[in-house]
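The structure that follows is given in the form of structure tokens.
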Amino acid sequence: MAPAISDLRDITDFVVTKGNGVKGLAETGLVSLPKQYVQPLEERMDMGKVVTEESIPVIDMSKWDDPKVADSICDAAEKWGFFQIINHDVPLEVLENVKEATHRFFGLRAEEKRKYSKENSSTNNVRFGTSFSPQAERSLEWKDYLSLFYVSEDEASALWPPQCKDQALEYMKRSEPVIKRLLDALTERLNVKEIDKTKASLLMGSKRINLNYYPICPNPELTVGVGRHSDVSTLTILLQDDIGGLYVRGIGGDNWVHVPPITGSLVINVGDALQIMSNGRYKSIEHRVIANGSKNRISVPIFVNPRPNDIIGPLPEVLESGETPVYKQILYSDYVKHFFKKAHDGKKTVDFAKI
Ligand SMILES: CC(C)(COP(=O)(O)OP(=O)(O)OC[C@H]1O[C@@H](n2cnc3c(N)ncnc32)[C@H](O)[C@@H]1OP(=O)(O)O)[C@@H](O)C(=O)NCCC(=O)NCCSC(=O)/C=C/c1ccc(O)cc1
Ligand SMILES: O=C(O)CCC(=O)C(=O)O
Ligand SMILES: [Fe+2]
């Protein structure tokens, strides 16, 4: 039995340390948002800033070898940093299976999920947690996650939770061709002739898949599901369910645009690593997720990244024409550590790499 809210002397201990997550907290039947989750006014979503006149592009990948498709991918990456793809060849069943597996994992009892917490997990590559960086945050986020860093099929088979490992691996495997197509198109515009081994490592040498769970929230307008941030990846491939709630920065800068769920689509966004490698041509755009008062929401991003030991910086092909580098060469794991050690703070992470 979950304890009554009056017994929860230390909510952070219950949620973060004991591994109940916000899902466990929501299920105690609490009627108002605990103060730890109340975000300062400026971090709450102002629905007056949401614009409905524009939306991120939806790109049909069925004719992916048509140069027009490559053009629309690159245009979207330059202008929006975000787009959705349809007819991408990842079977609907694979997407449905990984969503179902996400519900299965989060449906486990706290004692089971706790086995994968930072303190208890037998590996750093599997982590069940809550919020983003609870140690660093002034206000917590209304989100639980399971984060799986992919090293090899064998390691994943041995260490990833059995409730979701096959489905997560299948989703990663089946999305590989579309990731390659997207990166082929994007790097061609950057003057890269061929994705050789070194470039492949830089662009997609490592992957992390997160299973995100956003439980029903008693006062959704006072908190956030995920605060404003840009991803540190090269590209992120995001599967969302049919609930909605993801918003991206609009072109104007002072407004937000909803990313409407489209059955079978995948949301693609440019991450900081690609912004840096393209010397700012492609944009990693700020985004955030609101909390929901009536529905549980899940999402499953695959972060396609450089390897931790890669040095990233503007690509030589980009600078060939005499363009001035905006970013320095930096060890990717240093960049990621910088990202994880602070609370979400919009687009500030990338300043760490600025010259
Ligand atoms: C160099 C790393 C980043 C850190 O390793 P470490 O220094 O040996 O130590 P730890 O594994 O203990 O992690 C250091 C800190 O990062 C935090 N962290 C370590 N993974 C995690 C983790 N998946 N989650 C959230 N904190 C973590 C971790 O909590 C810890 O914080 P602290 O205990 O306060 O020092 C290492 O994990 C590494 O090489 N990872 C491979 C590269 C990598 O993961 N790249 C990230 C790709 S993109 C991505 O993951 C995006 C995630 C994301 C997530 C949520 C969002 O809202 C938005 C985006
Ligand atoms: O849940 C979503 O739609 C987006 C989550 C996100 O931005 C992230 O995990 O980096
Ligand atoms: Fe994100």
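When the chain is modelled as a GNM with alpha-carbon springs shorter than 10 Å, which of Arg138, Arg288, Arg127 fluctuates the most?
The residue with the greatest mean-square fluctuation here is Arg138.
Could you give the angle, 0 to 90 degrees to the nearest 10, between helix 67-79's Cα long axis and the longest principal axis of the Cα atoms of the chain?
60 degrees
While we're here: Please find, in a Gaussian network model of the chain (springs between Cα atoms separated by less than 10 Å), the residue of Leu238, Leu246, Leu92 whose mean-square fluctuation is greatest.
Ranking Leu238, Leu246, Leu92 by mean-square fluctuation puts Leu92 first.
Which FRET efficiency value, to the nearest 0.05, do you get for Asn296 and Ser333 by plugging their Cβ-Cβ distance into 1/(1 + (r/R0)^6) with R0 = 35 Å? Don't skip to the end; give the middle numbers.
Working: r = 34 Å, r/R0 = 0.96.
With a Förster radius of 35 Å, E is 0.55.
Still on this structure: Given labels modelled 7 Å from the Cα in the Cβ direction, how far is it in nm from Glu137 to Ala200?
Using points 7 Å along Cα→Cβ, the separation is 3.7 nm.
Roughly how compact is the stretch 183-257, stated as its Cα Rg over 2.2 N^0.38 Å to two decimals? Present the calculation step by step, with values, prior to reporting the outcome.
Values: Rg = 17.1 Å, N = 75, 2.2 N^0.38 = 11.3 Å.
Scaled against compact globular proteins, the figure is 1.51.
Applying a 10 Å radius around every beta-carbon, put 141-148, 166-173 in order of their mean neighbour count, most first. Before the final figure, lay out each step's value.
Numbers: 141-148: 24.8, 166-173: 19.5.
Packing proxy ranking, top to bottom: 141-148, 166-173.
Further, regarding this structure: Quote the accessible area belonging to Ile355 in square angstrom, nearest 10, computed with a 1.4 Å probe and with ligands, DNA and RNA left uncounted.
Ile355 exposes around 140 Å² with every protein chain in place.
Still on this structure, I have one more. Taking 31 Å as the cut-off for C-alpha to C-alpha distance, list the pairs among Lys113/Lys180; Lys23/Lys49; Lys49/Lys342; Lys143/Lys197 that go past it.
On the way: Lys113/Lys180 33 Å; Lys23/Lys49 29 Å; Lys49/Lys342 26 Å; Lys143/Lys197 37 Å.
Too far apart for the 31 Å limit: Lys113/Lys180; Lys143/Lys197.
What is the magnitude of the charge dipole of the chain about its Cα centre, with +1 placed on the Cβ of each Lys and Arg, -1 on the Cβ of each Asp and Glu, and no other charges, expressed in debye to the nearest 20?
Computed about the Cα centre, the dipole is about 860 debye.
May I ask you to derive the FRET efficiency for Ser157 and Asp75 from their Cβ-Cβ distance with R0 = 45 Å, giving the value to the nearest 0.05? Kindly include the intermediate steps, with their values, before the conclusion.
On the way: r = 40 Å, r/R0 = 0.89.
In this case the efficiency is close to 0.65.
Here's another thing I want to ask about it. Share of the chain's accessible area from carbon and sulfur, percent, 1.4 Å?
50 percent
Relative to the longest principal axis of the chain, what angle (0 to 90°, nearest 10) does the C-alpha long axis of helix 165-188 take?
30 degrees
Given the Cα atoms of the stretch 1-154, and with Rh set as the inverse mean 1/r over their pairs in the Kirkwood sense, what is Rg to Rh to two decimals? Intermediate results must be reported in sequence, preceding the final value.
Details: Rg = 20.3 Å, Rh = 19.2 Å.
Using Cα coordinates only, the ratio equals 1.06.
The values are calculated or read from the model by the stated rules, or taken from the named source; none is laboratory data. Everything numeric here is computed off the predicted structure, so don't read it as measured data. Neighbour counts are summed over all protein chains in view; Cβ atoms, including those assigned to glycine, are modelled from backbone coordinates with ideal geometry. Areas reflect the complete protein model, heavy atoms only, side chains present, ligands, DNA and RNA absent. Shrake-Rupley method; radii C 1.70, N 1.55, O 1.52, S 1.80 Å.
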